[in-house]
Amino acid sequence: MPIFKKSGGKIFGVQFNKAEQRALDHAINEQIVKNDLAFDMDKESSILWMLHTQFGFGPKRLKKAWDLFYAETRKLREYYLMDQADEGWLARQKLKEIGCDIEEWYREEGGKTDA
């Protein structure tokens, strides 16, 4: 049972036990995955258009690139629905190993990273 924290008769926080917190985190991740589905087509379209305009990819290569994106996206969704570790998505870690820190790139562009 969650413990409600009150001050002056008003609730200002809730403390969950580990099982409750795990269930809440899982429900949140399910919502992330659901909302991510709506965002993916536009994100992938932007990437594919950039590959076409900047690198000359034609329809066959674009389809192959999309197939690869889609496979990775499915793995990422599965990852978010499991109990994951705190170190972030494997691809982000692998990119760091070869000197590509996307978190740093976001900071350089003025973006915020909570990861």
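Counting only residues that are among the acidic types (Asp, Glu), out of contact with any Leu (no Cβ under 9 Å at 6 or more places or on another chain) and surrounded by 12 or more Cβ atoms within 10 Å (Cβ to Cβ), how many does segment 32-49 have?
Number of matching residues: 2.
Any residue in segment 6-22 that is surrounded by 10 or more Cβ atoms within 10 Å (Cβ to Cβ) and under 23 Å from residue 103 (Cβ atoms)?
Checked segment 6-22: no residue is surrounded by 10 or more Cβ atoms within 10 Å (Cβ to Cβ) and under 23 Å from residue 103 (Cβ atoms).
Determine whether segment 38-55 contains at least one residue that is within 22 Å of residue 76 (Cβ to Cβ) and of a type in the set (Phe, Trp, Tyr).
Yes: segment 38-55 contains one or more residues that are within 22 Å of residue 76 (Cβ to Cβ) and of a type in the set (Phe, Trp, Tyr).
FYI, it's all coordinate maths here, none of it is from the lab. Predicted model, so just to flag it, every value in this text is computed and none were measured. Cβ: placed from backbone, ideal geometry, glycine included. Neighbour counts: every protein chain shown.
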